[in-house]
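The values are calculated or read from the model by the stated rules, or taken from the named source; none is laboratory data. Please read these numbers as outputs of a predicted model, since none were measured by experiment. Here the Cβ positions follow ideal geometry from the backbone for every residue, glycine too, while neighbour counts run over all protein chains shown. These accessible areas exclude ligands, DNA and RNA; they are computed on the full protein's heavy atoms, side chains included. Shrake-Rupley method; radii C 1.70, N 1.55, O 1.52, S 1.80 Å.
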Amino acid sequence: MRVKLDKMDVRIIPDLTASAEVSLNSEEDTLVLPRSAVFDENGGKYVFLQSPEGWLRRPVETGVASYTTVAVHAGLKKGDVVALQRPM
């Protein structure tokens with residue numbers, strides 16, 4: 001993305017860089033996880049869910065994803081605890 005300023009402002013410093021996050025798609029009322037918590041194997045997505053018995057592999061249905069997060073449509077509920085990396 002390129003942004004062109006129509007006029008200069010005294011607060012603009014020459015050669016200053018900036019960043020922006022542009023949302024092309026979004027979902028409302030859905031669970032969102034860090035991408036590192038969702039694993040992909042043989043085309044299926046899953047997470048490791050914490051349970052009294054230890055970590056359980058749980059399949060999930062995902063939705064919109066960014067570089068850092070992914071929406072989860074099915075397989076989890078609010079309050080579930082998932083691993084951010086594959087448990088040992």
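A few notes on this one:
- Summarising the label geometry, the points placed 7 Å from Cα in the beta-carbon direction at Phe39 and Arg57 lie 0.6 nm from one another.
- Leading residue at positive end of dipole, segment 13-88 (Cβ point charges), from Ser51, Pro34, Gln85: Ser51
- Fully extending the segment from Leu5 to Ala65, taken as 0.36 nm per residue of separation minus the present Cα-Cα distance, adds 18.5 nm.
- Percent RCO, i.e. relative contact order, over the chain, from Cα pairs under 8 Å lying at least 6 residues apart: 28 percent
- Around the amide H of His73, modelled in the peptide plane, lie the amide H atoms of Glu61, Thr62, Gly63, all under 5 Å away and 5 or more residues distant in sequence or on another chain.
- Applying both filters, DSSP loop and at most 16 other Cβ atoms within 10 Å, to the GluC sites (Glu not before Pro) of the chain gives Glu21, Glu27, Glu28, Glu53.
- For Phe48, the shell of other residues with beta-carbons less than 15 Å away shows a net charge of +1, using +1 for Lys and Arg and -1 for Asp and Glu.
- Test item: Cα-centred dipole of segment 10-88, Lys/Arg +1 and Asp/Glu -1 on Cβ, debye: 220 debye
- Surface exposure of the chain, expressed per residue as accessible area with a 1.4 Å probe, stands at 88 Å².
- Relative to the current alpha-carbon distance between Ile12 and Val32, full extension at 0.36 nm per residue lengthens the span by 3.6 nm.
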